[in-house]
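S.K.: One structure is given below, represented as structure tokens, and several questions about it will come after.
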Amino acid sequence: MALRLIFLLVISIISTAAVPFNSHNNSLRHIPPAVTGKTSSGSRCPYFPNQPNFYMTKQQTPLRVHITYKDVMQLYDSSHTAAWRKIQTARDGLGKDKKQTITIKEFCSFYGLDYTDTLIHLQLL
């Protein structure tokens, strides 16, 4: 009975909280404007990407250039051998030797994937 009361108390506190929490690690999803004191007009803060005046300050480059079989496994949700076969097919189609690596951009162009979406999915940006 006491555990049920504690559970209901915690649920009521969380539901009345003014700041939304992330369910994974109980951290803030975003900083609300009331906390920062900034309004939506004219704010150029990178922490508020939904604002109309948001811009990127510097161009982001990927952490690495070549693609691995683990990346292909993550992209296609496939096994090790299927991912390796996809890389081999792309390497043969591009006319590269066995020792040459395939870049992520070449792999995306060969299979018709969007380059930036692939980098974001692989968490390389």
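S.K.: Ala82 to His66: extension gain in nm, 0.36 nm per residue of separation minus the Cα-Cα distance? Mind dumping the intermediate values first?
M.R.: Values: separation 16, 0.36 × 16 = 5.76 nm, distance 1.80 nm.
Full extension from Ala82 to His66 adds 4.0 nm.
S.K.: With no solvent and one equal point scatterer per Cα, compute the Debye intensity ratio I(q)/I(0) for the stretch 69-121 at 0.24, 0.29 Å⁻¹ and report its log10, rounded to two decimals.
M.R.: -0.96, -1.27
Since every read-out is calculated from the coordinates, none of them should be taken as a lab result. All values reported here derive from a predicted model rather than from experimental measurement.
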